[in-house]
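Shown next, in structure tokens, is the structure this report addresses.
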Amino acid sequence: MNNRRSTIDNQQSLLLENIGQLTTFNPESGKVETNSNTSLSIENGFIVERCSGGEVIDCGGSLVTPGFVDSHTHPVFLDGREEEFAMRLAGATYGEIAAKGGGINSSITGVRNAAKDELAVRVIKRMDRFLKLGTTTVEAKSGYGLDIESELKSLQVLHEVNQKHEIDIVPTFLGAHAFPPEFVQDHNGYVDLICNEMIPEVAKQGIAVFCDVFCEKGYFSVEQSGKILETAKEHGLTPRLHADEFEDSGAAELAAEVGAVSADHLMAVSNAGIQKMAENNVIAILLPGTTFFLGKNTYAPAKKLLENGINIVLATDFNPGSCHIQSMPFIISLACIKMGMTIKQVFASATYYAAKALNLEKDRGSIAIGCKADLIVWDIEKLMDIPYHVTDLPIKMVIKNGKPIDSMR
Ligand code: NIG
Ligand code: FE
């Protein structure tokens with residue numbers, strides 16, 4: 001790990017001039033707004049009204065937006081699982097592969113056997129890639145250790161990388177990602193281990209903000225998930241959960257009952273689940289990259305969720321098994337094409353509402369005085385060009401904490 005943060009701390013003034021369109025969600029009006037032919041002042045990593053002197057960047061009339069906030073990722077693993085991708089191409093489903101010993105459990109060996117530094121090298125590489133793709137804040141889950149030592153190691157790696165890398169990492173404890181081999185015959189024993197030992201230790205070390213559970217048939221039941229999330233709350237961790245990804249199991253309802261900040265996936269959410277989420281202000285984090293990567297055609301019901309007044313957030317779900325995608329611009333394209341969302345909706349969902357899903361909307365996810373200067377200077381002129389370019393990456397420069405990233409690479 002190299003120490004880049006000292007460079008950031010010395011950063012002072014930066015003026016972005018000749019911005020063609022400055023586009024951001026405005027929480028006050030509740031709308032996506034564009035300011036044309038404008039400039040932006042930055043001081044000590046934050047957006048200010050006017051800065052004095054410092055570096056000047058000519059944006060050449062291009063689009064400037066907030067950096068993306070990716071609110072659902074699983075980046076702490078050692079190796080990829082390309083062989084499972086090949087198995088799916090040959091006709092196997094995600095469930096069949098998991099039942100044969102693949103899936104989440106097949107990433108455990110790598111994490112358990114890896115030294116902390118070895119794991120950190122992999123995580124840093126992935127964080128470098130997130131930043132290049134315009135993601136300036138990323139939520140990151142543990143969940144491939146599934147014993148106390150390896151779950152703590154995963155969260156400690158995230159903590160250490162967060163100290164040294166420019167990107168902001170928001171850590172989530174996901175010990176309840178799957179039942180590890182030593183507990184296949186004793187699921188409740190593993191739930192007890194999570195509640196009695198893992199959560200208290202994670203909380204004591206202060207290395208997670210959120211607690212997540214994979215609540216799904218074959219994984220954690222609604223009852224087990226509820227127990228874990230209630231325990232998490234008692235220890236100061238905020239609940240969120242993987243809900244109704246493949247089958248409706250009443251997980252969206254549970255999200256509402258435990259006061260989870262978000263219910264994620266929701267490909268199979270029921271009308272009753274939607275109703276309960278709406279009544280309790282649960283944010284829906286939709287992950288169309290997973291649907292796409294698994295070769296499925298039933299995307300989460302974005303329009304129905306929006307019609308019910310639920311805030312939608314878009315995230316990558318980056319992980320070695322079900323979605324090896326790190327690009328928020330590509331997720332935006334998918335959400336437009338496959339879920340029928342408008343460009344303004346997808347943009348707000350990938351920036352402001354995404355920050356809200358991490359309780360960070362006060363100083364990021366939008367461009368306003370006092371917000372962090374986490375920005376993308378694009379190589380395009382307007383918002384619609386983002387999904388239009390699909391897999392090209394028309395990004396000129398990513399600015400994190402007021403510092404142009406490319407200048408440090
Ligand atoms: O969000 N659904 C649970 N967890 C991941 C998959 C993780 C894996 O297959 O390694 C997901 O899709
Ligand atoms: Fe996930």
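The values are calculated or read from the model by the stated rules, or taken from the named source; none is laboratory data. Keep in mind that what you see is a predicted model, and the values were worked out from it rather than measured. Glycine gets a Cβ as well: all are built from the backbone with ideal geometry, and neighbour counts include every protein chain shown. Surface accessibility is based on the protein's heavy atoms, side chains included, excluding ligands, DNA and RNA. Shrake-Rupley method; radii C 1.70, N 1.55, O 1.52, S 1.80 Å.
Worth a mention:
- Here THR137 fulfils each of the conditions (1) more than 22 Å from TYR219 (Cα to Cα); (2) in a helix (DSSP H, G or I) apart from (2).
- Scan of segment 314-333 for residues that are more than 15 Å from ligand 1 (Cβ to nearest atom) and not in a loop (DSSP other than H, G, I, E, B), ordered by number: MET328, PRO329, PHE330, ILE332, SER333
- Here no strands (runs of 3 or more DSSP E) wholly within segment 169-266 include at least 3 residues being surrounded by fewer than 18 Cβ atoms within 10 Å (Cβ to Cβ) and out of contact with any Phe, Trp or Tyr (no Cβ under 6 Å at 6 or more places or on another chain).
- Here is the figure for segment 81-110: residues that are within 11 Å of ligand 1 (Cβ to nearest atom) and of a type in the set (Val, Ile, Thr) total 3.
- Selection within segment 334-347: residues that are farther than 18 Å from THR391 by Cα and in a helix (DSSP H, G or I). The member of this set that is least open to solvent (accessible area, probe 1.4 Å) is GLN345.
- Single residue of segment 321-333 satisfying the filter (closer than 26 Å to ALA98 by Cα and without any contact (Cβ under 8 Å) to a residue 60 or more places away in the chain) that is surrounded by the fewest Cβ atoms within 10 Å (Cβ to Cβ): ILE325
- Matching residues in segment 60-80 - criterion: being within 13 Å of ligand 1 (Cβ to nearest atom) and open to solvent by 10 Å² or more (accessible area, probe 1.4 Å): LEU78, ASP79, GLY80
- Some residue of segment 98-109 being open to solvent by 10 Å² or more (accessible area, probe 1.4 Å) and of a type in the set (Lys, Arg): yes
- Scanning segment 81-93 for residues that are among the small types (Gly, Ala, Ser), on the phi < 0 side of the Ramachandran plot and open to solvent by less than 80 Å² (accessible area, probe 1.4 Å) turns up ALA86, ALA92.
- Filtering segment 152-168 to residues that are of a type outside the set (A, V, I, L, M, F, W, C), open to solvent by 10 Å² or more (accessible area, probe 1.4 Å) and either over 20 Å from GLN326 (Cβ atoms) or not in a strand (DSSP E or B) (or both) leaves LYS153, GLN156, HIS159, GLU160, ASN162, GLN163, LYS164.
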